[in-house]
Amino acid sequence: MYRYILKRLLMLIPVLLGVAFLIFAIMDVAAGDPVYSVAGADATPEQIEALREKMGLNGSLIERYIRYIGNLLKGDLGTSYISKLDVMKVYLQRLPNTLKLATLTMIVAVGMAIPLGITAAVHQNSIRDTTSMVLALIGLSMPNFWLGLLLILFFSLKLGWFPTGGSEGFRSIVLPAITVGTSLAALLTRTTRSSMLDVLRQDYLRTARAKGVSERNVIQKHALRNALIPIITIFGVQFSNVLGGSVLAETVFAWPGVGRLVVDAIDQRDIPTVTGALVMTTMLVTIVNLLVDLVYAFVDPRIKAQYTK
Amino acid sequence: MEINQTNRNQQRATKLYKKRSALEDVWRQLRRNKGAIIGLILIVVIILVAILSPILLDYDKDVIGQHIKQRLKPPSADHWFGTDELGRDIFSRVIYGARYSLAVGVVAVFVALAIGITLGAAAGYIGGKFENVVMRICDIFSSIPSVLMAIAVVSALGKSTFNLMLAVGIASTAPFIRVARAAVLVVHDEEYVEAARAIGMPDWKIIWVHILPNCLSQIIVQATLRVGSAIIAAAQLSFLGLGVPAPAPEWGSMLSAGRQYIRDYSYMTLFPGLAIMLTVLSLNMLGDGIRDALDPKLKR
């Protein structure tokens, strides 16, 4: 098992370097030459050169990339062109808000999806199954930022139950979490249903029933536990989409997370902030995916056995 | 007499069997799926609307023309979906907007298909170091949340409809690389591929003629379902102000404009959002149906 973890960790390094390079290269194209906009119109060529060196923009793309990675390893993402603040500091200030939103989103999604998916599978081809699947299909087809606007309209403006935006207290996170969580819930409902249907046909469930295990226990202890494996996989893969989706939700609800930081920085063409936030977010996604894979290996004895030999 | 009858039945059966092509089989399966048929009808209507909108509407007058006296009128017999903050008829804009959303969705998926299938099929066929490099690149692409990836690409290339298509396409490439590679690996060692190699057929031709047609079903399913997500991704970027530039009636940017008036004029956000949902819903229903028809094993 340790060898598996070590192997996965080693495989992470080239992917992370590649991600950083890709984002760095894209942002390099985007930047044009930011020195001129920072230096102002009446700067002399000497001043421009000096500023270029100070901003770390001298040298070829590869040279700058190597410098960037070197600084990144020291925890330095550079300084914002606009606010002149340390990008890492700003990112770490915003990150807890995004993680809070992501966690509640996952809870909302699982809370909706698992019961719906199980009901649909247990009562296959019934009205409950059809309703669950229609709801899931609508959830998958609805743009989450539009859902966010509808939620604001009804629950904030009409009923006054939740604030329209901001980050004051628990009430302000509920609507953003539902906004991001709905499409994830839709996907998880479909996966839960199909995974449960697979398991429900297995012989060991018939054996459990024949032994007199109650139907509730058959579903909860025998079926769901086995059906969980593909659900966990989807869950891990979707973490990336939750962070992506939160960019929109953070914009709609003025939630001060990483997503809004990126969107604002793009508006202001603040390249160090955009690059830093994207690189860090992607690293986070990659590490979470690795953790999910490890949990997956742990939950499924068959996978665990492959690596403990 | 009885023998004759049996022969005739056999002949009829052979004739029927020969007549039905794979496409007909898929269509027969699809026809039985109510959801898929509803999806198909809806998407055909939306495509027709998109094609006919320049004939039905005058772009300069009905779609982008400002009529300040008519601003912020609620839905009525004259303006079915009401008017926006510049007095433009929202119904006309939603109708015309179908052109942008469908075009962006379809072209983005074609971009993703072209890059994804070429790289994925080559990786699966060639194998070795090349496959390793392609799959690591694929890992890199899938590690970046697709919305953030598309945002980065648009901000690098600049705001335009074409760049939006490119950005969404590039951000959706990774799944196609995976599907194509996996499909090629399945048929890579089949006898007919070896036979083609033995008669000296060039590799690109073997991939194109013998391998890809065998993975077509999975690619079609992925593509249909991806058009829907590409439409949502494009609307998201437009909502953030990174998509189709104003005053074009793109659904995402209409939602972004309507957001400021949501308190008093909620219809401005209602209809463009419904249009996106209906389009994506119909594509998802059709995509699910095609998947079930092409691969009954996946049907639940």
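The values are calculated or read from the model by the stated rules, or taken from the named source; none is laboratory data. Just so it is clear, the structure is predicted and the values come from calculations on it, not from any experiment. Cβ placement follows ideal geometry from the backbone for every residue including glycine, while neighbour counts extend to all protein chains displayed.
The table below gives the values:
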| quantity | calculated |
| --- | --- |
| Residue that is nearest to B:SER160 (Cα to Cα) [pool: residues in the range B:53-109 that are surrounded by 15 or more Cβ atoms within 10 Å (Cβ to Cβ) and basic (Lys, Arg)] | B:ARG99 |
| Among (1) surrounded by fewer than 24 Cβ atoms within 10 Å (Cβ to Cβ); (2) closer than 18 Å to A:GLY117 by Cα, the one test that A:SER183 misses | (1) |
| Residues (farther than 20 Å from B:ALA114 by Cα and assigned to a helix (DSSP H, G or I)) located in the range B:173-199 | B:VAL186, B:VAL187, B:GLU191, B:TYR192, B:VAL193, B:GLU194, B:ALA195, B:ALA196, B:ARG197, B:ALA198 |
| Among residues of the range A:44-90, those that are touching a residue at least 60 places away in the same chain (Cβ under 8 Å), more than 20 Å from A:PHE21 (Cα to Cα) and hydrophobic (A, V, I, L, M, F, W, C), counted | 2 |
| Qualifying position, being in a helix (DSSP H, G or I) and surrounded by 22 or more Cβ atoms within 10 Å (Cβ to Cβ), among A:THR275, A:THR207 | A:THR275 |
| Selection count where residues are in contact (Cβ under 8 Å) with a residue 40 or more places away in the chain and either over 29 Å from the mean Cα position of the chain (by Cα) or loosely packed, with under 14 Cβ neighbours inside 10 Å (or both), scope the range B:183-211 | 1 |
| Residue in the range B:229-237 that is in contact with a helix residue (DSSP H, G or I) (Cβ under 6 Å, 6 or more places away or on another chain), crowded, with 24+ Cβ neighbours inside 10 Å and at pLDDT below 90 present | no |
| Test: A:ARG193 is assigned by TED's automatic domain parsing to the domain that holds A:VAL292, basic (Lys, Arg) and crowded, with 19+ Cβ neighbours inside 10 Å | yes |
| Residues of the range B:120-162 that turn out to be away from chain A (no Cβ under 11 Å), polar (S, T, N, Q) and assigned to a helix (DSSP H, G or I), as a count | 1 |
| Boolean, A:LEU101 is under 26 Å from A:ILE231 (Cα atoms) and touching a residue at least 60 places away in the same chain (Cβ under 8 Å) | yes |
| Criterion (touching a helix residue (DSSP H, G or I) at 6+ places or on another chain (Cβ under 7 Å) and within 14 Å of another protein chain (Cβ to nearest Cβ)) met by exactly one of B:LEU212, B:LEU242 | B:LEU242 |
| Failed condition for B:ARG259, given (1) surrounded by 24 or more Cβ atoms within 10 Å (Cβ to Cβ); (2) more than 14 Å from B:THR161 (Cβ to Cβ); (3) within 8 Å of chain A (Cβ to nearest Cβ) | (1) |
| Residue within the range A:168-180 that is of a type in the set (Gly, Ala, Ser), closer than 30 Å to A:LEU278 by Cα and touching a residue at least 12 places away in the same chain (Cβ under 8 Å) present | yes |
| Check on B:ALA180, more than 12 Å from chain A (Cβ to nearest Cβ), touching a residue at least 40 places away in the same chain (Cβ under 8 Å) and surrounded by fewer than 24 Cβ atoms within 10 Å (Cβ to Cβ) | no |
| Which numbered condition A:VAL242 misses (of (1) surrounded by fewer than 14 Cβ atoms within 10 Å (Cβ to Cβ); (2) in a helix (DSSP H, G or I)) | (1) |
| Residue in the range B:209-218 that is modelled with pLDDT of 85 or more, of a type outside the set (Val, Ile, Thr), out of contact with any His (no Cβ under 8 Å at 6 or more places or on another chain) and in a helix (DSSP H, G or I) present | no |
| All positions within the range B:266-294 that are more than 17 Å from the chain's Cα centre (by Cα) and within 11 Å of chain A (Cβ to nearest Cβ) | B:SER266, B:TYR267, B:MET268, B:THR269, B:LEU270, B:PHE271, B:PRO272, B:GLY273, B:LEU274 |
| Output for the range A:217-255, where each listed residue is facing chain B (nearest Cβ under 9 Å), without any contact (Cβ under 8 Å) to a residue 60 or more places away in the chain and closer than 21 Å to A:THR189 by Cβ | A:VAL237, A:SER240, A:ASN241, A:GLY244 |
| Among the residues listed as B:LEU113, B:LEU48, B:LEU102, the single one being modelled with pLDDT of 95 or more and part of a helix (DSSP H, G or I) | B:LEU48 |
| Helices (runs of 4 or more DSSP H) within the range A:65-169 that include 2 or more residues exposed (fewer than 14 other Cβ atoms within 10 Å of the Cβ) | A:87-122, A:127-141 |
